[in-house]
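Throughout, read-outs are computed from the coordinates displayed, never taken from laboratory work. As the structure is a computational prediction, the values presented were derived from the model and not from experiment. As a convention, Cβ positions derive from the backbone with ideal geometry for all residues, glycine included, and neighbour counts pool all protein chains shown.
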Amino acid sequence: MRKLLKQIKEQRRQFFAVFERYGSKSGWNGSTVKTILLKNVSNGEQILADHIWFTLTKGFETLGELNRGDKIEFDARVKEYSKGYVNPRKFIDESETDFKLSHPTKIRKRSD
């Protein structure tokens, strides 16, 4: 489904999504980093990604406590990244290119 994001690679656009849940991941120094899962990410006309994970930035924190189903609106840039497993010593490269949204700004909760 992220093939539609590929068409707008490196562009900054407005997106709409539905809050699903909070989560966490390990940071680079072993600390725990809070995350946020948004689903049904769209441009207002069509769904561009079934889900996107973001780090829980101050922009998201200013919305207050979110509940499952809350509608979110934000601007972000579409970026390419590599995902999968790579082990050069064993000549394993199971990586692939995918697309994500980065640097979310103008984050707001929708009332509709």
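Quick one: is Val33 β-branched (Val, Ile, Thr) and closer than 21 Å to Asp112 by Cα? Answer is no for this residue.
Just one of the listed residues (Ser82, Ser95, Ser102) is touching a Gly at 6+ places or on another chain (Cβ under 9 Å), assigned to a strand (DSSP E or B) and either under 29 Å from Gln7 (Cβ atoms) or touching a residue at least 24 places away in the same chain (Cβ under 8 Å) (or both), namely Ser95. Those strands (runs of 3 or more DSSP E) of region 1-57 in which 2 or more residues are surrounded by 10 or more Cβ atoms within 10 Å (Cβ to Cβ) and among the β-branched types (Val, Ile, Thr) occupy 32-42, 47-55.
Is at least one residue of region 59-70 touching a residue at least 60 places away in the same chain (Cβ under 8 Å), surrounded by 12 or more Cβ atoms within 10 Å (Cβ to Cβ) and not charged (D, E, K, R)? No, region 59-70 contains no residue that is touching a residue at least 60 places away in the same chain (Cβ under 8 Å), surrounded by 12 or more Cβ atoms within 10 Å (Cβ to Cβ) and not charged (D, E, K, R). Do we have any residue at all in region 50-65 that's over 15 Å from the mean Cα position of the chain (by Cα) and over 17 Å from Thr105 (Cβ atoms)? The answer is yes, given that some residue of region 50-65 is over 15 Å from the mean Cα position of the chain (by Cα) and over 17 Å from Thr105 (Cβ atoms).
Residues checked against (1) within 15 Å of Ala17 (Cβ to Cβ); (2) polar (S, T, N, Q); (3) in contact with a helix residue (DSSP H, G or I) (Cβ under 6 Å, 6 or more places away or on another chain):
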residue: Ser42; (1), (2), (3): yes, yes, no
residue: Gly59; (1), (2), (3): yes, no, no
residue: Asp70; (1), (2), (3): yes, no, no
residue: Glu73; (1), (2), (3): yes, no, no
residue: Lys79; (1), (2), (3): no, no, no
residue: Glu96; (1), (2), (3): no, no, no
residue: Lys106; (1), (2), (3): yes, no, no
